[in-house]
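Below is one structure, written out as structure tokens; comments come after it.
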Amino acid sequence: MPCELSIVVPVYNEEPENLSRLLEALESTLAPLSSTFEVIFVDDGSKLATKNACLTLVEKHPHVKLVALSRNYGEQAAISAGLDHATGQAVINMDSDMQDPPALIPKMLEYWRQGYDVVLTSQASRKESPFRQFCSFAYYRLLNAFSTVQIPVDAGEFRLLSRRAVDVICAMPEQNKFFRGTVPWIGLRQIVIPFDRDARDLGTSTYTGYKLMKLAMEGLVAFNMRPLYFIPFCGMTLMLIALPLQILAIIASGEIYYRLAFEIAAILFAVSGVQIFCTGLVAIYLAEVLKEVRHRPTYIVDQLFGFQTAPEHIVAPALARSPTSV
Ligand code: UDP
Ligand code: MG
């Protein structure tokens, strides 16, 4: 049965205690606010302890559901799975580790009730290692400097979407969504709420350096064609620089032979460096195109728990087994 509010929580190897703490905080925040709500945990191929913790919560709480994916697909795919299965008129997605404060939800709902389709949050401050803080700071600025869509700086994955916005996003054909870009891209009425992000209390970050790099790269190319246009410009500039260099080489006398040899070597290194860099850029874009044209589903659902019926719009390949009530 459709409800007013859905909370989508992607879960990957999360500390079981974090999940029960989150649910407790959500229940005490939401009970006085929303007539009906559901919490959808999306298990992104976690180890057994985490999955069992989700199952226990589904067993105990009638409004808790679990979408168990067939393996680890990454947070973005897990959010897609959650949005596909959500029935709420408003859908909030948030992290599983209590770093996204449930206390902000009443304010988000207030904006939604005022007519906003998208309520984003931005992390005004965060308690992370100085290295990670610097990387996030630099990344968002770089992303915006090149992006064709304005992406709110320091935005995380804690946001509210109206039913209209969810339907638009779920209908978008790309398989690998980068929500921090996709959500601002759809337009509609949007607002950003800043908040201070606490450090993770229990457990450690499930984002490895590789996962962070992959997400950063996918985000950069998903909303940004400018590097591709930059390549011919780069080539032309190099050709223009080569011309006076050639003239200089003709003018130069024999005694500066060694100096010239070093200079030529330096130029060769610079030029081949730029060439390899540009070829690498094209390769990254090609890889993204390849992923899209393959048209593989974003995720495969292994099993559903706590759902009465499978949502009709979930097509066969994404649903390996029928819904199970626990
Ligand atoms: N997550 C996921 N799949 C992954 C990695 C992470 O669904 O492969 C989820 C995780 O359960 C959490 C959110 O993404 O809900 C953010 O992860 P985490 O807190 O570990 O990252 P950080 O806050 O350090 O960026
Ligand atoms: Mg976290």
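Every read-out reported here was derived from the displayed coordinates using simple, explicitly stated rules and does not represent laboratory data. This structure is a prediction, so every number in the text was calculated from the model and none was measured. A quick note on method: Cβ atoms are made from the backbone with ideal geometry, for glycine too, and the neighbour counts reach across all protein chains shown.
Miscellaneous remarks
- Net charge contributed by nearby residues that have their C-beta within less than 12 Å of LEU33 (K/R +1, D/E -1): -1
- Note on the stretch 1-150: the alpha carbon radius of gyration divided by the globular reference 2.2 N^0.38 Å gives 1.10.
- Net charge dipole, the stretch 154-235: roughly 200 debye, given to the nearest 20, about the Cα centre with Cβ charges of +1 for Lys and Arg and -1 for Asp and Glu.
- Neighbours of PRO194, meaning other residues whose beta-carbon lies under 12 angstrom from its beta-carbon, give a summed charge of +1 when Lys and Arg score +1 and Asp and Glu score -1.
- As a rough guide to protection, the peptides 146-158, 122-134, 188-200 ranked by mean Cβ packing within 10 Å, highest first, stand as 146-158, 188-200, 122-134.
- Degrees separating the helix 257-294 axis from the principal Cα axis of the chain, which is the longest one: 30
- Computed from backbone phi, the HN-Hα couplings of the stretch 156-164 come to x, 9, 10, 8, 10, 10, 6, 3, 4 Hz, rounded to whole numbers (Karplus: 6.51 cos²θ - 1.76 cosθ + 1.60, θ = phi - 60°; Gly and Pro given as x).
- Cα centroid separation, the stretch 136-164 to the stretch 192-249 (Å): 15
- Karplus 3J(HN,Hα) series, Hz, for the stretch 7-24 with 6.51 cos²θ - 1.76 cosθ + 1.60 (x for Gly, Pro): 10, 9, 10, x, 10, 9, 6, 7, 4, x, 5, 4, 5, 6, 4, 4, 4, 4
- Size of electric dipole in the chain: Cβ of Lys, Arg +1 and of Asp, Glu -1, about Cα centre, debye, nearest 20: 520
- Gaussian network model of the chain, springs between alpha carbon atoms under 10 Å - residue of ILE267, ILE276, ILE250 with greatest fluctuation: ILE250
- Contact order for the chain, expressed relative to its length and based on alpha carbon pairs under 8 Å spaced 6+ residues apart, stands at 22 percent.
- One equal scatterer on each Cα of the chain, no solvent, Debye formula: the resulting log10 I(q)/I(0) at q = 0.09 Å⁻¹ is -0.54.
- Taking Cβ atoms as reference points and 15 Å as the exclusive limit, the residues near SER162 contribute a net charge of +1, counting Lys and Arg as +1 and Asp and Glu as -1.
- Selection from THR121, HIS85, CYS135, by position along the positive dipole direction of the stretch 85-135 (Cβ): CYS135
- Between 0 and 90°, nearest 10: helix 130-146 axis offset from the chain longest Cα axis: 70
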